[in-house]
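Since the structure comes first, as structure tokens, the remarks are kept for the end.
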Amino acid sequence: MSITQQYLLDTYRARQLGEPGPPAPGTHDRRVVREWHDRRRFQAVLAGRPARGRVRRALRRWWSRWPRALGRPAGWPPAGRSGRQREAGSR
């Protein structure tokens, strides 16, 4: 049964019993994600880890090792303009 089907069934049952209907699927998604994010930051502070920039730092660490893991030279990709600058310059 999909989320929509379950919602419709719950709404029908609530109407039959004279109760208020359930919230529509996805109504509180933004709030749930924000609370989850805040909770993770709070737990990081309690554990003595930095609360911000953890994902960015992990990606930077992974990216710095990536070329060597593939057997490419340490200077890869070559220094110079990034892809966005290259696209803007060619127009």
Go through the stretch 12-25 residue by residue and turn each phi into a ³J(HN,Hα) via Karplus (6.51, -1.76, 1.60, θ = phi - 60°); whole Hz please, and just put x for glycine and proline. 4, 4, 5, 5, 5, 8, x, 9, x, x, x, x, 5, x
When the Karplus curve 6.51 cos²θ - 1.76 cosθ + 1.60 is applied with θ = phi - 60°, which whole-Hz ³J(HN,Hα) does each residue of the stretch 58-63 get, with x for Gly and Pro? 5, 5, 4, 5, 5, 5
If R0 is 30 Å, what FRET efficiency do you get for TRP63 and GLN43 from their C-beta distance, rounded to 0.05? 0.70
Expressed in nm to one decimal, what extension gain is obtained for the pair ARG56 and THR4 from 0.36 nm per residue of sequence separation less their Cα-Cα distance? 15.1 nm
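Laboratory data are not the source of any read-out in this text; all were calculated from the coordinates shown. All figures in this text were calculated on a predicted structure; none of them were measured in a lab. We place every Cβ from the backbone using ideal geometry, glycine too, and count neighbours over all the protein chains shown.
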